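The values are calculated or read from the model by the stated rules, or taken from the named source; none is laboratory data. Because the structure is a prediction, the values reported are computed rather than measured. So basically every Cβ, Gly included, is an ideal-geometry build from the backbone, and we count neighbours across all protein chains shown.
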Amino acid sequence: MKDYVAIDIGGTAIKYGLIGEDGVILKRGETLTEAKKGGSSILEKTRNLIEQLLGQETAGICISTAGMVDTERGEILYAAPLIPRYAGICFKETFEKRFGIPCEVENDVNCAGLAEYISGAGRGCDPLLMLTVGTGIGGSLISRGQVFRGFGNSACEFGYMHMGSKDFQTLGSASSLSRRVAQQKGESGKLWNGRRIFREAERGDKVCIRAIDEMVEVLGLGIANICYVVSPERVVLGGGIMTQEAYLKERLEKALQKQLIKPLASRVQVSFAKHGNHAGMLGAFYHFRICRGEELRLKEDLRLKEVASQNLTDVV
């Protein structure tokens, strides 16, 4: 059976593995991105990972990455300062010449959206709005099995959407939540992250509860504004902070309903991402198969099961 190398490049970590042609993750691992070293370092690190993963049956290289991507060229168009000198890195040309097999590259949030649309929480929903809430806020829109890219591959940059004097991600991201709590407590931001904030909120910490409520209101308003434009059948929420589904689901639904007129409020469904840390790799694999015109024949239970795969040690 053929397999595919899948790489998911984020600002903090690079997740990597092998995926079978049936969509099952066969091997997986993770290493630090070391983003401050810049684009050429990431290119070299990714090349080393591919060399370790390639086998005789490997049919392609599937890459999910932060930043704006020219999907035809497989090149980074723009990246935030978190990854310096990343714009201009051309994965596709570099790796196809080096390894002699096809390579396809897609933005990480678009990959997450594809993963949830094809085999996750948004399966069969059209259009599907995917939002990832982390250091910033990323978004993608999937319709009829395709990512909506807009002119110049720059659609759905929802995090930059203006909300008053600031933007959506400045007000509603997980990093802004941590910053808000630290400021109100007069402590270092290094002491606070999403996991601790939710833990303390469940214990009754009023500062943490209030900060989460403020974030929820911002997310409700931002999502509602997007819904007025694209009218999605379902909104899927991902990113590390959205693992707090039990705490957030009802609050977010109420915040969103409050901002929507009745015809929209009665139709829009909110779900939380199912694929978690696998979304980028799976979405990169789906993107590759779509680009190459290959039929997707997935295991029927892939949508719900936690894939039991071989964990790889750090090979970089």
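For segment 169-222, residues that are of a type in the set (Phe, Trp, Tyr) and at pLDDT 95 or above total 1. Restricting segment 168-180 to residues that are free of Cβ contacts under 8 Å to residues at least 24 places away in the same chain and over 11 Å from Val218 (Cα atoms), which is farthest from the chain's Cα centre (by Cα)? Looking at residues that are free of Cβ contacts under 8 Å to residues at least 24 places away in the same chain and over 11 Å from Val218 (Cα atoms), I get Arg179.
Applying a threshold of 7 Å to beta carbon distances and a minimum spacing of six or more residues, or different chains, the list of pairs starting in segment 153-167 at a residue that is free of Cβ contacts under 8 Å to residues at least 12 places away in the same chain and ending at one that is small (Gly, Ala, Ser) reads Asp167/Gly159.
This table checks each residue for (1) of a type in the set (Asp, Glu); (2) assigned to a strand (DSSP E or B).
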{"position": "Asp8", "(1), (2)": "yes, yes"}
{"position": "Ile14", "(1), (2)": "no, yes"}
{"position": "Ser41", "(1), (2)": "no, no"}
{"position": "Lys45", "(1), (2)": "no, no"}
{"position": "Leu49", "(1), (2)": "no, no"}
{"position": "Val69", "(1), (2)": "no, yes"}
{"position": "Gly88", "(1), (2)": "no, no"}
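Each residue in segment 180-198 was checked for being exposed (fewer than 13 other Cβ atoms within 10 Å of the Cβ) and over 16 Å from Thr135 (Cβ atoms), and 4 pass. For segment 43-66, the criterion of being surrounded by 18 or more Cβ atoms within 10 Å (Cβ to Cβ), acidic (Asp, Glu) and more than 16 Å from the chain's Cα centre (by Cα) is met by no residue. Among residues that are of a type outside the set (Asp, Glu), under 22 Å from Ala155 (Cβ atoms) and surrounded by 18 or more Cβ atoms within 10 Å (Cβ to Cβ), Leu248 is not included.
For segment 1-19, a residue qualifies if it is among the small types (Gly, Ala, Ser) and modelled with pLDDT under 95, and the qualifying residues are Gly10, Gly11, Ala13.
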